[in-house]
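Peer 1: Mind having a look at this structure? Questions to follow.
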Amino acid sequence: MISDIIAIIRDYWLLLLIGQYPNGPLGGLAATLMLSVLAIAFAFPVSIALALARLSKSPLLNWPVSALVYFTRGVPLLMLILWGYFLVPLVTGASVPSFLTMLVTLVVYQGAFLSEVVRGGIVALGHGQMEAARALGHSYLGAMRYVILPQALYNVIPSIISVFVSTIKDTTLGYVINVPDLTFAASQINNQLLTQPFQVFFILAAVYYVICWSLSRVAVLTERRITRKRAGTAAQATAKSLKLAALTDQPS
Amino acid sequence: MSSFDLSEILGNPEYVSMLLLGIEMTFVVAIGSWVLAMTLALLLLGLRYAPGPVGNAFVTAYVSYHRNVPTLVQLMLWYFGIFTLMPDGLTFWLNDHNAEAIFAVIGLGLCQAAYFSEDLRSGMRAVSPGQLEAARALGHSYVSAMRFVMVPQGTRNALPALINHSVSLFKNSSLAVAIGVAELTYAVKEIENLSFRTFESYLLVTILYLVFSLMIMTVGAYVARRADPVRSGRA
Amino acid sequence: MNTIAPSKNSPMIELTGVRKNYGNYEVLKGIDAEVARGEVVVICGPSGSGKSTLIRTVNRLEEIGSGSISCDGNNIHRPMPAKELNRLRSRIGFVFQSFNLFPHLSAIDNIAMSPIRVKGVARDVAYAKATQLLERVGLTDKANAYPGQLSGGQQQRVAIARALAMEPPVMLFDEPTSALDPEMVGEVLSVMKGLAADGMTMMCVTHEMGFARDVADRVWFIDQGQIVECAPPEEFFSRPQTARAQRFLSELRH
C-alpha cells in the first residue's frame with residue numbers, strides 16, 4: 001500500500017503540482033492555490049464594500065446586499081458554480097476559461113461570506129468608537145477609515161484566514177465545470193491507473209490536509225496573538241465571537 | 001432559444017417527478033447525515049471529557065482531519081477509495097442498497113460530526129466556571145451540576161453555531177452528486193440536459209434550495225428564541 | 001452664508017425650548033438655559049433624569065425633537081451638510097464616561113490623529129501639540145502606551161487631551177469619573193480643575209459634588225427632563241429650593 005502511494009507520487013508529482021502545463025492550462029496544486037489566493041484577494045475589498053452597504057441606513061444599499069448574503073447562505077456553492085458557468089459567458093459574450101468562471105463565482109460567494117465577518121467585526125466594536133470619532137469631527141467615512149476599520153479588520157484576521165481555508169476547500173467543487181485544479185489532476189491519475197483509487201484519493205486528501213492544517217494553525221496562533229494584544233482593553237462579548245466563528249468555519 | 005417559460009418544466013410530469021425524487025433524496029441524505037453527525041458529535045464530546053489523554057487525542061485528530069480536508073475529497077475517498085477495499089459480500093450488499101446514498105450519508109455525517117462536536121464544546125466552554133462552582137457550593141454533585149446548570153447553558157450557547165452548520169450540512173448534501181447520488185442537483189442537471197431549459201431549471205432548483213435553507217434558519221431561530229429564557233418571555 | 005461673528009458677551013451655549021422624545025417617553029421637556037463664555041456649569045440629577053441626553057444633544061450625538069441649541073454662535077441642529085456638522089463638532093470637545101479611546105492607537109496617536117485627519121494640521125505641528133497636551137495631563141511618560149496598558153484614570157486623561165487637541169472653545173463632560181475606581185477620580189478632576197482655571201467654558205454632568213462646589217459657577221439640577229434648579233453651588237448645596245433637589249442631595253450624602 002505504502003509503496004503504491006510512493007510510486008504514484010514519483011510518477012505523477014508534476015501532474016499533481018502544475019497539471020498539464022505547459023502543454024495545457026496551468027493546473028494541479030498551483031491552480032488550486034492561485035485560484036484561492038486570487039479569490040480571497042478580490043473578495044476582500046468586495047466584502048468591505050458589501051459590509052458598509054449592509055450597515056448603511058439607506059434601503060437602496062442595504063437591501064440588495066442583505067438579499068445577496070441570504071442567497072449565498074441558502075444556496076449550495078455547487079448551484080452557484082452552475083449559475084456562473086451559465087451566466088458568465090452570457091455576460092461576457094465569449095467562451096470563458098472555467099478557471100475564470102470559478103474565480104468569479106468564488107469572489108461573489110466568499111465576498112458575501114466575508115462581508116458578514118467584516119460586519120460582525122464592526123458591530124462588535126460597539127457604538128462608543130464611532131461616537132468618539134464623530135464627536136471629534138470625523139465624517140462617517142473618515143471615522144470608518146481611521147478608527148473603525150483598522151480595529152475591526154485587525155480583529156477579524158483569524159476569521160479571514162479561516163475563510164481562506166474554506167476557499168481552498170471550495171475550489172474542489174470546480175470539478176463540476178472541469179476546472180483543472182488539484183482534485184481534477186487526481187481524478188485524471190485515477191482514470192489512468194484504474195486499480196488504485198484509494199491510494200490516489202488518499203494522496204489527494206493528505207495534500208489538502210497539510211495545506212489547510214498549516215493555515216488553520218496560523219489562524220489559531222494569530223488569534224492568540226490578537227487576544228493577548230487586546231488583553232486589558234474592553235473584552236469582546238463571547239457570544240458575538242461564537243456566532244462569528246460559526247459563520248466563517250464552514251465545512252466545504 | 002425561446003423566451004422564459006417555467007411551465008415547460010412544471011407542466012411536464014416527467015420533469016416534475018424527477019424534481020420530486022431529487023427533493024426526496026436530498027432530504028434522505030441531509031436528514032440521515034444530520035442524525036449520524038449529531039450522534040457521533042455527542043460521542044466525540046463524551047470522549048473529550050473522558051479521563052486520560054487517549055480520548056482527547058483521538059477527537060483532536062478526528063476533528064482536524066474532517067475540518068482540513070475538503071468534504072468533496074472525503075466523499076470521493078469513501079466512495080471511490082474505501083468502498084473498493086471492502087470485502088465482496090459487503091460490496092454486493094451495499095450495491096443492492098443504493099451504495100451512493102449510503103456513502104453520502106456516511107461521508108457527510110462523519111465530516112459534520114466534527115463541526116457539531118466542536119460547536120457543543122465551545123458552547124460548554126463559554127459557560128463561566130463560576131457557574132459550576134456556584135452549583136457545587138449549593139450542594140449539587142458534579143453530575144447534577146452538569147445536568148441542571150452547565151449543559152443547559154452550554155447547549156444554548158452552541159445553538160447559533162449548530163443551526164448555521166445544519167444549514168451548511170443541508171447545502172453540502174448537493175456534493176453527493178459527485179458520487180452519483182440522484183439528489184436535487186443531479187435532477188437539475190438531468191432536466192437541463194433533456195429540456196435545454198437551463199435558466200428555468202436552475203432557477204427552480206435554486207429557489208427550492210433557498211426556501212428549504214430559509215426554513216431551517218427560521219426553525220432554528222425559533223428554537224434559539226425558545227431556549228432563551230429572557231427573549232421567550234419566561235423570565 | 002455669512003456667520004455673524006459672535007460677540008464677546010453672547011453666551012457660548014444657548015438652549016431654547018429643547019424637547020426630545022423616545023417614542024412616547026419625553027426625555028427632555030423644554031430646556032431653556034445658557035452657558036456664558038468661560039463659565040463652568042455642573043449638571044446633576046437622579047439617573048434617568050435626562051442629563052446625559054441633554055449634554056449629548058449639544059454636539060448632536062442625539063437629535064432633538066424641537067427647540068434649538070447654539071454653540072459659539074452656530075445653530076447646531078439646523079439642517080446642514082454633513083461636512084458643516086463635522087466642522088462644528090470638531091469645535092466642541094466631548095469626554096465620554098467610557099473614555100472611548102481608540103485602542104489601536106498609542107496615547108499620542110490618539111491625540112494627534114484627528115487634528116491631522118480632520119483639520120489637516122501638519123504632522124509635526126500636531127505631534128508637538130500632542131506632546132504638550134500629554135504634559136498638561138501629566139502623562140508624558142505614557143506617550144507610546146496603548147489604551148489597554150493604561151489605567152482608567154490615565155485613559156480618561158488621554159481622552160481629555162484628545163478632545164483638547166482640536167482646540168475647542170468649549171468642553172462637554174458626560175460623567176467623566178463614573179466609570180473609574182475611586183482612587184483614580186482625583187487625578188481626572190484635577191485636570192478638569194486646571195482647565196477651568198485656564199478659563200475654559202465647560203459643561204459637566206457629574207455626581208462629584210466636591211468638584212461642583214470648588215469649580216462650578218452654577219449648578220443645574222435636572223429632574224424628569226426639566227431644569228428644576230439653577231443656582232451657584234454654595235446656594236444650591238446650602239439652600240436647595242425644591243423638595244426634589246433636597247431629596248436628591250440627602251440621598252447623595254448617604
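Every number here is computed from the coordinates shown, using simple stated rules; none is lab data. Source: prediction; values computed, not measured. Backbone-built Cβ (ideal geometry, glycine too); neighbour counts: all protein chains shown.
Peer 1: Over chain C, with a single point scatterer placed on each C-alpha, what log10 of the ratio I(q)/I(0) does the Debye formula yield at q = 0.14, 0.16, 0.17, 0.18 1/Å?
Peer 2: -0.98, -1.25, -1.37, -1.48
Peer 1: Another one. Let me have the 222 nm mean residue ellipticity of the protein assembly as shown computed from DSSP H runs of 4+ only, each contributing -39500 (n - 2.57), with the sum over all residues rounded to the nearest 500.
Peer 2: Taking each H run of at least 4 residues, the total per residue is -20500 deg cm²/dmol.
Peer 1: Assuming a ≥ b ≥ c are the square roots of the Cα gyration tensor eigenvalues, decide whether segment B:37-167 counts as rounded (a/c under 1.5), prolate (otherwise, with a/b larger than b/c) or oblate.
Peer 2: prolate
Peer 1: Which helices, counted as full DSSP H runs in chain B, have an axial Cα extent of no less than 15 Å and a Kyte-Doolittle average of 0.0 or above?
Peer 2: Those that pass (Cα extent of 15 Å or more, hydropathy at least 0.0) are B:13-49, B:99-125, B:184-195, B:198-227.
Peer 1: Could you state the number of Å between the C-alpha centres of segment C:156-234 and segment C:30-81?
Peer 2: Centre-to-centre (Cα) distance: 15 Å.
Peer 1: In chain C, what percentage of the DSSP-assigned beta bridges are antiparallel, given to the nearest 5?
Peer 2: Restricted to chain C, the bridges split so that about 55 percent are antiparallel.
Peer 1: Moving to a separate point now. Please rank A:138, A:127, C:207, C:77, fewest neighbouring Cβ atoms within 10 Å first, as an exposure proxy.
Peer 2: Ascending Cβ contact count within 10 Å gives the list A:127, C:207, C:77, A:138.
Peer 1: Pick out which of B:215, B:146, B:86 has the largest mean-square fluctuation in a Gaussian network model of chain B, springs linking Cα atoms closer than 10 Å.
Peer 2: For chain B, modelled as a Gaussian network with Cα springs under 10 Å, the answer is B:86.
Peer 1: Still on this structure, I have one more. Mean Kyte-Doolittle of at least 1.0 and a Cα length of 30 Å or more along the axis: which whole DSSP H helices of chain A meet both?
Peer 2: A:28-55, A:98-124
Peer 1: Considering the dipole of chain A built from charges on the beta carbon (Lys and Arg +1, Asp and Glu -1) around the Cα centre, which of A:146, A:79, A:133 is farthest to its positive end?
Peer 2: Final value for the positive-end residue is A:133.
Peer 1: What fraction of the DSSP beta bridges in the protein assembly as shown is antiparallel, stated in percent and rounded to the nearest 5?
Peer 2: Given both bridge residues lie in the protein assembly as shown, the antiparallel proportion sits at roughly 55 percent.
Peer 1: Considering every pair of different Cα atoms, what Kirkwood radius, in Å, is found for the protein assembly as shown?
Peer 2: 30.0
Peer 1: How many lysine pairs are close in chain C, with Cα atoms under 28 Å apart and the two 8 or more places apart or on different chains?
Peer 2: Total qualifying Lys-Lys pairs in chain C comes to 19.
Peer 1: Moving on. Could you give me the ³J(HN,Hα) list for segment C:44-59, computed from phi with Karplus coefficients 6.51, -1.76, 1.60 and θ = phi - 60°, whole Hz, x at Gly and Pro?
Peer 2: Going residue by residue, I get 9, x, x, 5, x, 7, x, 5, 5, 4, 4, 5, 6, 6, 5, 10 Hz, with x marking Gly and Pro.
Peer 1: What number do you get for chain A when its Cα radius of gyration is normalised by 2.2 N^0.38 Å, N = residues?
Peer 2: Dividing the Cα radius of gyration by 2.2 N^0.38 Å gives 1.16.
Peer 1: What is the calculated FRET efficiency for residue C:66 to residue C:34, with r their C-beta to C-beta distance and R₀ = 25 Å, to the nearest 0.05?
Peer 2: In this case the efficiency is close to 0.85.
Peer 1: Could you list the trypsin sites (Lys or Arg not before Pro) in segment A:42-127 that lie in coil according to DSSP, counting only those with at most 12 other Cβ atoms within 10 Å of their Cβ?
Peer 2: A:57
Peer 1: How do C:251, C:34, C:167, C:39 rank when sorted from fewest to most other Cβ atoms within 10 Å of their own Cβ?
Peer 2: So the residues, fewest neighbours to most, are C:251, C:167, C:34, C:39.
Peer 1: Let me ask something else about it. Give me B:93, A:213 ranked fewest to most by other Cβ atoms within 10 Å of their Cβ, as a rough exposure proxy.
Peer 2: Starting with the residue having the fewest Cβ neighbours, the order is B:93, A:213.
Peer 1: Between segment B:12-31 and segment A:195-216, what is the separation of their alpha carbon centroids in Å?
Peer 2: Measuring centre to centre over Cα atoms gives 33 Å.
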